[in-house]
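The values are calculated or read from the model by the stated rules, or taken from the named source; none is laboratory data. Keep in mind it's a predicted model, so treat the numbers as computed, not measured. Heads up, the Cβs are rebuilt from the backbone with ideal geometry, glycines too, and the neighbour counts pull from every protein chain shown. The protein model used for the area step is the full one, side chains on, heavy atoms only, and it has no ligands, DNA or RNA in it. Shrake-Rupley method; radii C 1.70, N 1.55, O 1.52, S 1.80 Å.
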Amino acid sequence: MKHALTITSLMLALGACVSAPAPVASSCTVHIGNDLSSAIHTVEGRLADGCTYQFDGYFQQLLNIAEANPDADNKKLFSEHLVRVSDAGVISKRQAKALYNRYFNVKFVSLTGDYNTCSQTCPVQTDVMRNMRDELKDKERGLLKASTDQASYYRADHLLKEAQLVLEATCQACASGGGQ
């Protein structure tokens, strides 16, 4: 009897969890529209209303809208959006800068920092280059498709190729004992 009562109590508790409405979650999944400025405004409102866990999904939706409506001003709209969500505490200033650079700047965030190339980068050279190629795909979305900034995208592509050549040569020199 005691065992049956425990199981019944557990089932009632689980049933209450399943049937309880989630007002925040449902308001976080609304359609944000097709106009980038309006969509950014909607997203910032949702983030302010507690949907911060949806930031990454919202950011991807905003990129999709920008790709469907390419414009040179989209870079500025994303920059201002990232500053506002950073100021609101949704993401850090460092995250905002990294996101902007990843999508809208020729600078690669995948290869940054002051460290010894021979000891820290060469052992993971394949991973570094894969990460940079993945980042170039993001730059294609932000620079080329969303912002129609062909010159910057092709500059980033060129920088990736240069970085690959320099990294290969450096790691080859490190392997032969030419660098530490």
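Among the residues of segment 157-180, the ones that are among the small types (Gly, Ala, Ser) and either touching a His at 6+ places or on another chain (Cβ under 6 Å) or open to solvent by 60 Å² or more (accessible area, probe 1.4 Å) (or both) come to 3 in all. Within segment 78-88, if we keep just the residues that are open to solvent by 70 Å² or more (accessible area, probe 1.4 Å) and among the hydrophobic types (A, V, I, L, M, F, W, C), the residue that is farthest from the chain's Cα centre (by Cα) turns out to be ALA88. The listed residues are TYR154, TYR103, and the only one of them that is crowded, with 19+ Cβ neighbours inside 10 Å and either hydroxyl-bearing (Ser, Thr, Tyr) or in contact with a strand residue (DSSP E or B) (Cβ under 8 Å, 6 or more places away or on another chain) (or both) turns out to be TYR103.
Residue-level check: of (1) in a helix (DSSP H, G or I); (2) closer than 26 Å to TYR53 by Cβ; (3) modelled with pLDDT under 95, ASP138 misses just (3).
Taking residues in segment 47-64 that are in contact (Cβ under 8 Å) with a residue 24 or more places away in the chain, and partners anywhere that are β-branched (Val, Ile, Thr) and surrounded by fewer than 17 Cβ atoms within 10 Å (Cβ to Cβ), the pairs with Cβ atoms closer than 7 Å and at least 6 places apart or on different chains are GLY50/VAL24; CYS51/VAL24.
Contact annotation: residue pairs with Cβ atoms under 7 Å, 6 or more positions apart or on different chains, pairing a residue in segment 88-102 that is among the aromatic types (Phe, Trp, Tyr) with a partner that is in a helix (DSSP H, G or I), are TYR100/PHE78; TYR100/SER79; TYR100/LEU82.
Listed here are the residues, each with its yes/no results for (1) at pLDDT below 95; (2) touching a Cys at 6+ places or on another chain (Cβ under 6 Å).
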site	(1), (2)
ALA88	no, no
ILE91	no, no
THR117	yes, no
GLN125	yes, yes
VAL128	yes, no
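Which residues, counting only those in segment 55-77, are under 12 Å from VAL90 (Cβ atoms) and crowded, with 17+ Cβ neighbours inside 10 Å?
Matches in segment 55-77: PHE55, TYR58, PHE59.
I'd like the full set of residues that are without any contact (Cβ under 8 Å) to a residue 60 or more places away in the chain and either in a helix (DSSP H, G or I) or surrounded by 13 or more Cβ atoms within 10 Å (Cβ to Cβ) (or both), limited to segment 108-123. Those that are without any contact (Cβ under 8 Å) to a residue 60 or more places away in the chain and either in a helix (DSSP H, G or I) or surrounded by 13 or more Cβ atoms within 10 Å (Cβ to Cβ) (or both): PHE108, VAL109, SER110, LEU111, GLN120, THR121, CYS122, PRO123. Applying the set (1) over 13 Å from the mean Cα position of the chain (by Cα); (2) buried (at least 17 other Cβ atoms within 10 Å of the Cβ) to ILE91 leaves exactly one unmet item: (1).
In the set (1) assigned to a helix (DSSP H, G or I); (2) of a type in the set (S, T, N, Q); (3) surrounded by 14 or more Cβ atoms within 10 Å (Cβ to Cβ), the condition left unmet by THR126 is number (3).
Filtered by the rule that a residue be among the basic types (Lys, Arg) and surrounded by fewer than 16 Cβ atoms within 10 Å (Cβ to Cβ), segment 129-145 gives ARG130, ARG133, LYS137.
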